[in-house]
Each structure stands twice: as structure tokens, then as C-alpha cells.
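Please read the structure below before turning to the comments.
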Amino acid sequence: MATSSPQIISPSGLPAAASTTCSQNNRALERKTRPVFVIGCHRSGTNLLYDTLLSAGGFAIYRGYLPIYKMLLPRFGSLGKLANRKRMMNAWLRSKGFRRSGLNAEGLTVRILEECRSGGDFIRIVMSEIARSQNVARWAVYDPDNVLYIPSIKTDIPDALFIHIIRDGRAVALSLSTMRGFKPLFWEREAKGLSPTALYWEWMVRTGRQYGNRFPSDYIEVRYEELVSEPRAVLNKLGEFLDHDLDYDRIQKAALGRLRESNSSFQNEKDRGEEAQPCPVNRWRERLSNHELAAVEAVVGQYLEELGYPLSSPQQLQKLGLREKFARAFYFNLLNTKLWLKTRTPGGRLANLETLKLSDSIEPTEVE
């Protein structure tokens with residue numbers, strides 16, 4: 001007598017094969033709508049990458065600032081407390097970040113006070129409201145400093161995806177020191193403070209990579225140099241990771257934000273010519289003196305090579321001396337201690353809100 005294998009029924013009542021297919025389809029749909037965090041050391045191309053994503057379409061357009069983990073949580077404390085949520089909202093509603101959201105202050109405040117219990121809740125509520133108002137299903141957040149808070153973000157927003165853009169530390173050190181984006185201690189300001197700034201770059205990148213590698217399926221690294229020189233290949237790679245259509249030609253046409261700049265790799269190819277600005281990838285080669293280059297490579301050369309960036313100064317100048325070893329230990333300990341004091345102690349209450357650009361008005365402007 002012929003027998004047949006019993007049909008396995010899933011708890012949902014569907015046959016196992018159908019249940020598996022449904023689950024796979026749900027996961028595919030889920031990835032298409034998962035939130036994206038663009039992270040990386042300052043001056044590494046995070047803004048360029050973020051504008052690239054927004055120019056592709058399908059993402060909420062938001063050009064504001066949501067420094068929840070860096071600034072708002074340390075300043076106002078746990079959002080599990082209603083009083084802290086009220087104090088935070090009183091400040092954020094006066095910020096440029098809110099004014100750029102286009103949201104209604106009263107409606108947003110009600111949701112935050114009723115639903116928000118963490119930094120991730122705050123980001124999710126604000127960005128989902130912006131996405132809903134623009135009739136799109138997905139949102140992305142740009143904040144370089146979030147590279148330091150990947151574990152916290154992942155705890156609060158389990159479906160978060162991270163794109164970590166990494167740039168040659170020599171270029172970052174030159175750019176940051178020029179704009180005074182990192183302030184070395186007064187006795188380390190010779191040669192424009194390039195060496196301490198390069199150490200800051202290594203600390204940011206190393207921290208982000210260590211955290212990101214805990215979540216390999218939800219974390220990807222992009223090199224700024226490749227984004228600039230081979231944008232189509234990078235976009236294809238990112239598109240697969242995000243399950244999002246990042247069409248190069250559509251991005252060129254939209255050209256939001258930084259993509260409009262003349263030295264962007266996304267300028268219309270037919271417009272490139274002798275008058276185009278020089279590529280920013282190797283600008284440090286032209287602007288750093290031999291002495292400055294040797295000083296930078298002496299302190300971060302090993303990490304540059306680990307990331308695949310070849311060194312340029314003579315080999316005898318690349319060795320770590322006692323001074324370089326002391327600088328590395330000192331600055332890494334200093335940066336870790338400052339981060340710990342800000343996020344784990346009452347010292348965070350002193351967080352400066354100046355970059356929020358507070359005003360007395362809480363009326364939103366048009367979405368930018």
C-alpha cells in the first residue's frame with residue numbers, strides 16, 4: 001500500500017513550504033523599508049553619500065540634525081521619564097533640525113510624550129512622520145557621530161542598517177585641521193595639529209568598524225575614494241545591500257545637496273572637462289609638506305596600511321618612536337574617557353546645544 005509523507009503544517013496553519021515562501025517574501029519586503037544610518041568620521045564623505053541616497057528617490061528628504069545620542073540624551077537624561085521627554089522637546093522644537101522637518105509641533109509632541117522611551121524611539125517617530133508626510137516608505141539619517149553609537153542604535157532600532165564611509169586618514173586630517181573640526185591640546189598644535197587629528201580619525205574609524213562587525217549582515221563599508229572614482233560600481237554594491245534601486249543616471253538628474261558641487265563625481269559626465277575642479281581624492285598629496293606627511297604617517301601609518309592605503313613618506317620616517325607611541329596612547333585614552341564621561345556620567349548634562357541653532361520660534365519651515 002502506497003503511503004505519502006505527512007504534510008507539515010506551520011503554526012500559522014499554512015503548509016511549511018508556503019510559510020517559508022511567505023517568510024522570505026516578508027523579509028525581502030522588510031529590507032526594502034528598513035531605516036538607514038550613514039556614518040563615518042567627519043570629513044569622510046558622509047554628506048555626499050547621504051545626498052546620493054536621497055537623490056536616488058524612495059527616501060524621505062530631510063536635511064536636519066538629530067543628535068540624539070551625542071547631545072540630547074546626555075543633556076536631558078533617559079527618555080523613559082516623562083519630565084525628561086518634555087524638557088528635550090522644549091529644546092528640540094526650537095532647533096533648526098525641527099524647523100527643517102516641516103512637521104507640526106503639537107502633533108509631534110503628543111507622539112513623543114506618549115510613545116518615546118529611547119533615543120531610537122525619538123528618531124523613529126520623527127523620521128516616520130517626515131516619511132509619512134512625503135508619502136515614502138523609507139528614511140535615512142545622516143550623522144557622522146553615530147559611528148560611536150552603533151550598539152545603542154541597534155538596541156533601540158533592531159532593523160537599522162549602517163553604511164560606514166571611510167576615507168584616507170591623511171585627507172581627513174588635512175580637511176579637519178583646516179576647518180578646525182578637531183581641537184588638539186595646545187602643545188600638539190605644531191604642523192597644524194595634523195597628527196592628533198589623524199589619531200582622532202583612526203579612533204573614529206576603528207571604533208565604528210569594531211562595533212559594525214558585530215552586525216555583519218546589517219553593516220557595510222564604503223570607501224570615499226571608490227565612491228568618487230567608481231560611483232556606478234559602489235552604487236550597485238550598496239543597492240544590493242539596501243535592496244534599493246540606486247540608479248546612477250537618476251541620481252545625476254536629481255543631484256541634491258553636495259551632488260551639485262562642481263567637484264562631485266556625480267556631475268554630468270558630459271560637463272566634465274578642462275574647467276572641472278580637480279578630484280578631491282588625492283588633494284592631500286598636493287597640500288601636505290613632506291614633514292607634515294611624515295608626521296601623520298608616523299602615528300597612523302599602520303592603520304592606513306591595514307585599511308589598504310599605501311604610505312608615501314620614506315620608510316625610515318614611518319617608524320613609531322616614543323613620542324608617537326605616547327601620543328597614540330594619550331589621545332585614544334583621552335577620547336575614550338571623554339565619550340564615557342558624556343554618555344555614562346552626569347557630566348553629559350553639560351552637553352553644549354549650540355549646534356542645534358536654537359531660536360524662540362517653533363514654527364516649521366518648508367522641508368529642505
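The values are calculated or read from the model by the stated rules, or taken from the named source; none is laboratory data. All figures in this text were calculated on a predicted structure; none of them were measured in a lab. Neighbour counts are summed over all protein chains in view; Cβ atoms, including those assigned to glycine, are modelled from backbone coordinates with ideal geometry. Areas reflect the complete protein model, heavy atoms only, side chains present, ligands, DNA and RNA absent. Shrake-Rupley method; radii C 1.70, N 1.55, O 1.52, S 1.80 Å.
Could you list, in sequence order, the residues of the stretch 98-123 that are within 20 Å of Thr343 (Cβ to Cβ), of a type outside the set (Val, Ile, Thr) and assigned to a helix (DSSP H, G or I)? Steps first, answer last, please.
In the first step, residues of the stretch 98-123 are kept if they are within 20 Å of Thr343 (Cβ to Cβ); the result is 116-123.
Pick out the ones that are also of a type outside the set (Val, Ile, Thr) and you get 116-122.
Matches in the stretch 98-123: Gly119, Gly120, Asp121, Phe122.
Being closer than 19 Å to Gly45 by Cβ and either surrounded by fewer than 17 Cβ atoms within 10 Å (Cβ to Cβ) or in contact with a Lys or Arg (Cβ under 7 Å, 6 or more places away or on another chain) (or both) narrows it down to one of Ser128, Ser133, Ser229, so name that one. Please lay out each step first, then the result.
On the way: Ser128 fails: closer than 19 Å to Gly45 by Cβ; Ser133 fails: closer than 19 Å to Gly45 by Cβ.
From the options Ser128, Ser133, Ser229, the qualifying one is Ser229.
Among the residues of the stretch 48-68, write down those that are open to solvent by less than 20 Å² (accessible area, probe 1.4 Å) and more than 22 Å from Tyr149 (Cα to Cα).
Selection gives Thr52, Leu54, Ser55, Ala56, Phe59, Ala60.
Residues to consider are Pro151, Pro158; find the one that is open to solvent by 10 Å² or more (accessible area, probe 1.4 Å), over 26 Å from Asn282 (Cα atoms) and without any contact (Cβ under 8 Å) to a residue 24 or more places away in the chain.
On the way: Pro151 fails: without any contact (Cβ under 8 Å) to a residue 24 or more places away in the chain.
Result of the check over Pro151, Pro158: Pro158.
Take the residues in the stretch 232-256 that are in contact with a Ser or Thr (Cβ under 6 Å, 6 or more places away or on another chain) and open to solvent by 20 Å² or more (accessible area, probe 1.4 Å); name whichever of them is nearest to Ile163 (Cα to Cα).
Leu256
Could you please tell me which pairs satisfy a Cβ distance under 7 Å, a separation of 6+ or placement on different chains, a first residue in the stretch 289-316 that is open to solvent by less than 60 Å² (accessible area, probe 1.4 Å), and a second residue that is of a type in the set (Val, Ile, Thr) and outside any helix (DSSP H, G or I)?
Leu307/Ile166
Among (1) of a type in the set (Lys, Arg); (2) at pLDDT below 90; (3) in contact with a Gly (Cβ under 8 Å, 6 or more places away or on another chain), there is one condition Lys319 misses while meeting the rest; what is its number?
(3)
What are the residues in the stretch 161-181 that are in contact (Cβ under 8 Å) with a residue 60 or more places away in the chain, in contact with a Ser or Thr (Cβ under 7 Å, 6 or more places away or on another chain) and not charged (D, E, K, R), if any? Explain how you work it out, then say what you get.
Of the residues in the stretch 161-181, the ones in contact (Cβ under 8 Å) with a residue 60 or more places away in the chain are 161-176, 179, 181.
Still in the running and in contact with a Ser or Thr (Cβ under 7 Å, 6 or more places away or on another chain): 165-167, 172-173, 176.
Of everything in the stretch 161-181, those that are in contact (Cβ under 8 Å) with a residue 60 or more places away in the chain, in contact with a Ser or Thr (Cβ under 7 Å, 6 or more places away or on another chain) and not charged (D, E, K, R) turn out to be Ile165, Ile166, Val172, Ala173, Leu176.
Among the residues of the stretch 79-97, which ones are open to solvent by 10 Å² or more (accessible area, probe 1.4 Å), part of a loop (DSSP other than H, G, I, E, B) and closer than 20 Å to Asp156 by Cβ?
Listed by number, the residues that qualify are Gly80, Lys81.
Taking the stretch 115-148 on its own, how many of its residues are hydrophobic (A, V, I, L, M, F, W, C) and free of Cβ contacts under 8 Å to residues at least 24 places away in the same chain? Steps first, answer last, please.
Initially, the stretch 115-148 is screened for residues hydrophobic (A, V, I, L, M, F, W, C), giving 116, 122-123, 125-127, 130-131, 136-137, 139-141, 147-148.
Add one more test, that the residue is free of Cβ contacts under 8 Å to residues at least 24 places away in the same chain, and what stays is 125.
Residues meeting the conditions: 1.
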